[in-house]
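Student: Below: one structure in structure tokens.
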Amino acid sequence: MAITQEAKNISDSIKSIPNLSSNSSHKYDSTQKVLQSVFDLNDHSTYLYTLSGTGNIVVRTQQAQMQVNKGSKLEIVVAVCTFDFKDTSGYAKYALELLNHYGVNSVVYSWLNSSNEYIPKLAFGIQNSKVVNKIKEVWPEVVVEEVKKERKKSGKDSVIGTGKNIIFFGAPGTGKSYKIDQIVNELDKKYWERITFHPEFDYASFVGGYKPISEKVKISLEGEPEKFKEEIKYTFTPQAFTNIYIRAWEEIDEEIPYYLCIEEINRGNCSEIFGDIFQLLDRKSNYSVSPSKELQDHLIEKLGEGHEGVKNGLKLPPNLSIIASMNTSDQSLFPMDSAFKRRWDWEYIPINYEENYTDEEDDFEAANKSYDYVLVDSNEKEIFRWVDFIKTVNIIIKNNPNLGMDKCIGNFFVQPEDDKTITLKIFINKVIFYLWNDVFKDEEDSDNIFPQGKFYEDFFPIKKNGIDMIHQIVQKINEIAEIEKFEKLKTNQ
């Protein structure tokens, strides 16, 4: 079916919905134009759906849900609500919940009942600037300002709000990076920068500095054949902090949230990396710091000399949040001083042994995918469930005063090859290696899951020795469980 015809058919289907007022007919032609323009911006794999009316919102959203379950990419949703119905908010809220659950990231909308608080929230999903600009061209009735208002309230981010410094911390594999993904992945790339700290990372890597560039310089005289030579020049090259700092200040009036994401923050020397920017992390104070000349010149070039982001020195824009992850098992790599720590909010990401993730009120948030992970042998027969293994081993680790919670294994420490199967090779090379090398190697036999006299090398070759060694570890784990009076690890072999 041609794109134009498909857009027309969707528009016609809106007209045919009963109980719609004829006074709204002018909206339908505009709707068709929007559908067409959005189709022009996307390839055929994008699934476009229309929600309209009240009862139809429920029906059509459920149909869209089924399409997503079949693998369609639900990216653009057109929601049309009318003034004919008194109670649109309940259905719109229902639609919003479903759309959020299935990860819709772009919503085009029209509404005639401005008192319906959920319609702007549906609209708030707009992230693609091309789509927004096209809507402005062909559908001026869409009040895009409502999207900005919704951004100002919570900023897609009802997750953390705006202007925050947050460190997500926990044991290896608990989902700290995934937590950051949930905040930024559906946003356009202009709204965030993502970096990883490491021992060689420094202030110039974070903020920017002079770097050499090669330029061709003309050396021939007038009237002579043109000749050039390569010259090395030094120019200021901005890095992640400066780039996101500028973009956030450029849209400060809109209060659109921006994010600087830092992975493994404690693997870098934070004092060296942040330098004097450290002072800006105190959001409750009106601190500003004087930038270096090269940084100041760059900011003036991008923002203008009298701009608030540069005229009185550096000052973090209130719409810029800094979110970071920290693996507690590596916390001694570069210790953070107390002054640095107190400038952050800290959120612990716990290990979850249950089937679902829940919030503070014990309400459902998401399914725990790791709950279905299983370890299998070379014949693909199940040995034990992953959550049972980490739960039992983590009890042993926590009960050992030499180890503690920091050495525990998180839900996503290892990823299965398919949806739920962990092979013996992956398990031994990653999980067993970690437990041997970083956890139990120097522990006494009574607190050690490795049988006395056995070493990591004894698992190899895996095909010959792997399964037998796994059974020996399970036996040792269960001996400790019996002595310390906690539940044994169940196996299927």
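The values are calculated or read from the model by the stated rules, or taken from the named source; none is laboratory data. These numbers were taken from a predicted model, which means no experiment stands behind them. Quick reminder, even Gly has a Cβ in these numbers, built from the backbone with ideal geometry, and neighbours come from all protein chains shown.
Student: On the given criteria, is PHE427 aromatic (Phe, Trp, Tyr), surrounded by fewer than 19 Cβ atoms within 10 Å (Cβ to Cβ) and assigned to a helix (DSSP H, G or I)?
Tutor: no
Student: Output the residues belonging to the range 373-386 that are in a loop (DSSP other than H, G, I, E, B) and in contact (Cβ under 8 Å) with a residue 12 or more places away in the chain. Spell out the reasoning first.
Tutor: Taking the range 373-386 as the starting set, the residues that turn out to be in a loop (DSSP other than H, G, I, E, B) are 373, 377-381.
If the condition is that a residue be in a loop (DSSP other than H, G, I, E, B) and in contact (Cβ under 8 Å) with a residue 12 or more places away in the chain, then TYR373, ASP377, SER378, GLU380, LYS381 are the ones that fit.
Student: I would also like to ask the following. Among the residues of the range 312-354, count how many are without any contact (Cβ under 8 Å) to a residue 40 or more places away in the chain and part of a strand (DSSP E or B).
Tutor: The qualifying residues number 1.
Student: Considering only helices (runs of 4 or more DSSP H) fully contained in the range 239-311, which possess at least 2 residues that are within 26 Å of PHE168 (Cβ to Cβ) and not aromatic (Phe, Trp, Tyr)?
Tutor: 240-250, 270-274
Student: Which residues, taken from the range 190-233, are touching a helix residue (DSSP H, G or I) at 6+ places or on another chain (Cβ under 8 Å), at pLDDT below 95 and not in a strand (DSSP E or B)?
Tutor: LYS190, TYR191, HIS198, PRO199
Student: OK, next. Of these, LYS164, LYS189, which one is surrounded by fewer than 19 Cβ atoms within 10 Å (Cβ to Cβ) and farther than 27 Å from PHE334 by Cα? Walk me through how you get there before you give the answer.
Tutor: On the way: LYS164 fails: farther than 27 Å from PHE334 by Cα.
Exactly one residue qualifies, and that residue is LYS189.
Student: Please count how many residues of the range 164-184 are within 14 Å of GLU263 (Cβ to Cβ) and within 8 Å of the chain's Cα centre (by Cα).
Tutor: Within the range 164-184, residues that are within 14 Å of GLU263 (Cβ to Cβ) and within 8 Å of the chain's Cα centre (by Cα) number 7.
Student: Another question, then. I'd like the full set of residues that are modelled with pLDDT under 95, part of a helix (DSSP H, G or I) and not polar (S, T, N, Q), limited to the range 441-463.
Tutor: ASP445, ASP447, LYS463 - these are the residues of the range 441-463 that are modelled with pLDDT under 95, part of a helix (DSSP H, G or I) and not polar (S, T, N, Q).
Student: For the range 164-182, name all the residues that are farther than 19 Å from LYS391 by Cα and assigned to a loop (DSSP other than H, G, I, E, B).
Tutor: LYS164, the sole residue that qualifies.
Student: Here is a further query. Yes or no: the range 387-403 includes at least one residue that is assigned to a strand (DSSP E or B), crowded, with 20+ Cβ neighbours inside 10 Å, touching a Phe, Trp or Tyr at 6+ places or on another chain (Cβ under 6 Å) and at pLDDT 90 or above.
Tutor: No, the range 387-403 contains no residue that is assigned to a strand (DSSP E or B), crowded, with 20+ Cβ neighbours inside 10 Å, touching a Phe, Trp or Tyr at 6+ places or on another chain (Cβ under 6 Å) and at pLDDT 90 or above.
Student: So, one more: From the list LYS488, LYS476, LYS407, LYS425, exactly one residue is closer than 23 Å to ASN368 by Cβ, modelled with pLDDT of 95 or more and out of contact with any strand residue (DSSP E or B) (no Cβ under 7 Å at 6 or more places or on another chain). Which is it?
Tutor: On inspection, the qualifying residue turns out to be LYS488.
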